[in-house]
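Asker: Below are the structure tokens for one structure; questions will follow.
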Amino acid sequence: MRTSTLPLLECPFCGGGLSIALRHPAAGDDVESGILRCACGEIPVVGGIPIFRREGRVDVMQQTRDVSMSVGPTVRRLLDLVRADRGDEALRLLLVPPGDFLRRALLAVDLLPAGLQRRTRSLVEAAWERRSRRRSRLFLSNSPDVKARQVLAELCRSLNRPEHFNHFFHRFSQPRHLTSLSLAMLLTEGRGAGLDLACGFGHTLHTLTAASPSRPWIGLDRNFFELFVARRWVAPGADYLCADADGPLPLARGVIGGALCADAFHYFLRKRLCVEELLRVVSLDGPILLARVGNRLVEPREGYELDPGEYRALFAGIRTRMLGDGQLLERYLARLGPALAADRSASELAGEKWLSLVADRSGAVFEEHGALLAWPHGLGRLRVNPLYVREAGSSDGRWTLRMPSKWFEFENGACRAYMPEGVALDDRVLGDLELGFRSPAIEELVRRCVVLGLPERYV
């Protein structure tokens, strides 16, 4: 974390201010490991990310449910390691799951007689540390040849979640991502820091930090590993906080100039608390954007969905706009911002599965947003979309759109409406791509999502 971010933070447990009690390195703006202190306790900082937990373990959590996929180290263990100047060991434990055998052993320790618990726990944790040293080389490598693609693949392999790799690695041209970008661009102007709530691996923050590099950006998520990947490979221009998105936020009142929660809010159980917290931390002139929330009136249902009227009721007394994601995507593909001058009623939206809500106490964003200055999905290093595969032996440099799985096709097949099934990319086009030259031909490929602006170390 950057020391300049500290004034924006506060303890989510007592509401008090935070100070740096211990830090490594001892000087400079970046704190890679350390301890933040308030009146009621201590917060560990590991891998540059404050972890706002007081008790229990920092587990790897499922994306869509409040269920652990793999156990993590205890907060107490992290604090002890950081205090002993062993922050690198704390980081390895957060990055490398213990494996099935050690996971079961860790859970069984608490069932042992009190006299055996301490020694047995020490033996199991020592075995986990040895495992983490062997398996963390890829994640901690400083080589520029290590890319986000490799890291995501290794994480998903270790958790036995192959579809997670397809979903997250191929995020940048998915319809859901483009609709999120349509709203996210509303945050590129204004004062104060921008917040991406439940930011995941930082795909939207990549675009936001590229569009407005001088504005402070904060990503918040409960999954440490995702934040670590975002910070190192996807959107290094932002700061990150490990905390529950639908709990008390570790941010001071009014310090956020605008907030986005994309493709996540309908999975939150504590929606009312989340909205109250967003209204507390976002300034009176800052918008709150809930992109792609599920409508419970339309099957299939995911998470804890509400209907359009129920989503709006969470913001009672505050001016809002609601719209369907089809409308957002249509305007985005025409290179237009969202149409927020007029509202749509709950009955008009009752038949649409995916909705977005914009709340703004000042009403400043409620207008017809016109042409985008540049394609948001084209910000970054220009690369051929990884969904396109070069055909072997093709004389005209033919590339073909390939869906990585049937489930990915089911979830994202709508991209075929704007992405061609095949395209010819000759040596001149590929040379322009390598040089970063945005020729008219390249711009056309960006429009069709054949070429994307990706993070520097993504593929």
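The values are calculated or read from the model by the stated rules, or taken from the named source; none is laboratory data. The shown structure was predicted, so the numbers you read here are calculated from the model rather than taken from an experiment. Glycine also receives a Cβ, built like all others from the backbone with ideal geometry; neighbour counts cover every protein chain displayed.
Asker: Part of a loop (DSSP other than H, G, I, E, B) and within 30 Å of residue 287 (Cβ to Cβ), is that true of residue 365?
Answerer: Values: part of a loop (DSSP other than H, G, I, E, B): yes; within 30 Å of residue 287 (Cβ to Cβ): yes.
Yes: the conditions hold for residue 365.
Asker: When you scan the range 352-386, how many residues do you find that are farther than 20 Å from residue 420 by Cβ and β-branched (Val, Ile, Thr)?
Answerer: 2
Asker: Go through the residues of the range 418-431 one by one and say whether even a single one is touching a strand residue (DSSP E or B) at 6+ places or on another chain (Cβ under 6 Å) and either assigned by TED's automatic domain parsing to the domain that holds residue 290 or at positive phi (or both).
Answerer: Checked the range 418-431: no residue is touching a strand residue (DSSP E or B) at 6+ places or on another chain (Cβ under 6 Å) and either assigned by TED's automatic domain parsing to the domain that holds residue 290 or at positive phi (or both).
Asker: Then there's this: Where the second residue is surrounded by fewer than 20 Cβ atoms within 10 Å (Cβ to Cβ) and basic (Lys, Arg) and the first is free of Cβ contacts under 8 Å to residues at least 24 places away in the same chain and within 20 Å of residue 107 (Cβ to Cβ) and lies in the range 74-94, which pairs have Cβ atoms under 8 Å and are six or more apart or on separate chains?
Answerer: Every condition considered, the pairs that remain are 74/57.
Asker: Residue 343 - would you say it is within 26 Å of residue 418 (Cβ to Cβ) and either among the acidic types (Asp, Glu) or touching a residue at least 40 places away in the same chain (Cβ under 8 Å) (or both)?
Answerer: Details: within 26 Å of residue 418 (Cβ to Cβ): no; either among the acidic types (Asp, Glu) or touching a residue at least 40 places away in the same chain (Cβ under 8 Å) (or both): yes.
Taking the combined requirement at face value, the residue does not satisfy it.
Asker: In addition: If I ask for residues that are under 21 Å from residue 198 (Cβ atoms) and assigned to a loop (DSSP other than H, G, I, E, B), which ones from the range 279-299 would you list?
Answerer: Taking the range 279-299 and keeping what is under 21 Å from residue 198 (Cβ atoms), we get 279-283, 286-296.
283, 286, 287, 296, listed by residue number.
Asker: Of the residues that make up the range 136-158, is at least one modelled with pLDDT under 95, within 22 Å of residue 64 (Cα to Cα) and exposed (fewer than 14 other Cβ atoms within 10 Å of the Cβ)?
Answerer: Within the range 136-158 (the criterion being modelled with pLDDT under 95, within 22 Å of residue 64 (Cα to Cα) and exposed (fewer than 14 other Cβ atoms within 10 Å of the Cβ)), the answer is yes, since at least one residue qualifies.
Asker: Can you go through 328, 284, 278 and tell me which one is out of contact with any strand residue (DSSP E or B) (no Cβ under 8 Å at 6 or more places or on another chain), at pLDDT 95 or above and in the same structural domain as residue 191 (by TED's automatic domain parsing)?
Answerer: 284
Asker: Next question. Out of 267, 240, report the one residue that is crowded, with 22+ Cβ neighbours inside 10 Å, of a type in the set (Ser, Thr, Tyr) and at pLDDT 95 or above.
Answerer: On the way: 267 fails: crowded, with 22+ Cβ neighbours inside 10 Å.
None of the others qualify; the one that does is 240.
Asker: Could you tell me whether the range 203-210 includes any residue that is polar (S, T, N, Q), within 21 Å of residue 291 (Cβ to Cβ) and touching a Gly at 6+ places or on another chain (Cβ under 8 Å)?
Answerer: Initially, the range 203-210 is screened for residues polar (S, T, N, Q), giving 204, 207, 209.
Filter again for within 21 Å of residue 291 (Cβ to Cβ), leaving 204, 207, 209.
Then keep just the ones that are touching a Gly at 6+ places or on another chain (Cβ under 8 Å); that gives 207, 209.
Yes, the range 203-210 contains at least one residue that is polar (S, T, N, Q), within 21 Å of residue 291 (Cβ to Cβ) and touching a Gly at 6+ places or on another chain (Cβ under 8 Å).
Asker: Hey, another quick one. Being touching a Pro at 6+ places or on another chain (Cβ under 9 Å) and within 19 Å of residue 193 (Cβ to Cβ) is the filter here, so list the residues in the range 222-243 that pass it.
Answerer: Within the range 222-243, 230, 234, 235, 236, 237, 238, 239, 240, 241, 242, 243 meet the criteria.
Asker: Any chance the range 305-318 includes a residue that's under 20 Å from residue 209 (Cα atoms) and part of a helix (DSSP H, G or I)? Walk me through it before giving the result.
Answerer: Taking the range 305-318 and keeping what is under 20 Å from residue 209 (Cα atoms), we get none.
Looking for residues that are under 20 Å from residue 209 (Cα atoms) and part of a helix (DSSP H, G or I), one finds none in the range 305-318, hence no.
Asker: I would also like to ask the following. Please verify whether residue 394 is under 24 Å from the mean Cα position of the chain (by Cα) and among the hydroxyl-bearing types (Ser, Thr, Tyr), treating the condition exactly as stated.
Answerer: No, not satisfied.
Asker: Here's something else I'd like to know. Looking at (1) surrounded by fewer than 22 Cβ atoms within 10 Å (Cβ to Cβ); (2) over 20 Å from residue 256 (Cβ atoms); (3) over 12 Å from the mean Cα position of the chain (by Cα), find the lone condition where residue 171 falls short.
Answerer: It is condition (3) that residue 171 fails.
Asker: Out of the range 336-353, which residues are part of a loop (DSSP other than H, G, I, E, B) and loosely packed, with under 13 Cβ neighbours inside 10 Å? Before the answer, list the steps.
Answerer: The initial filter retains those residues of the range 336-353 that are part of a loop (DSSP other than H, G, I, E, B), namely 337-338, 340-345, 350-353.
Answer for the range 336-353, where residues must be part of a loop (DSSP other than H, G, I, E, B) and loosely packed, with under 13 Cβ neighbours inside 10 Å: 341, 342, 345, 351.
Asker: Then there's this: How many residues are closer than 12 Å to residue 419 by Cβ and either assigned to a loop (DSSP other than H, G, I, E, B) or assigned by TED's automatic domain parsing to the domain that holds residue 185 (or both) if we restrict to the range 387-403?
Answerer: First pass over the range 387-403, keeping only residues closer than 12 Å to residue 419 by Cβ: 387-388, 399-403.
Restricting the remaining residues to those that are either assigned to a loop (DSSP other than H, G, I, E, B) or assigned by TED's automatic domain parsing to the domain that holds residue 185 (or both) gives 387, 402-403.
Here the count works out to 3.
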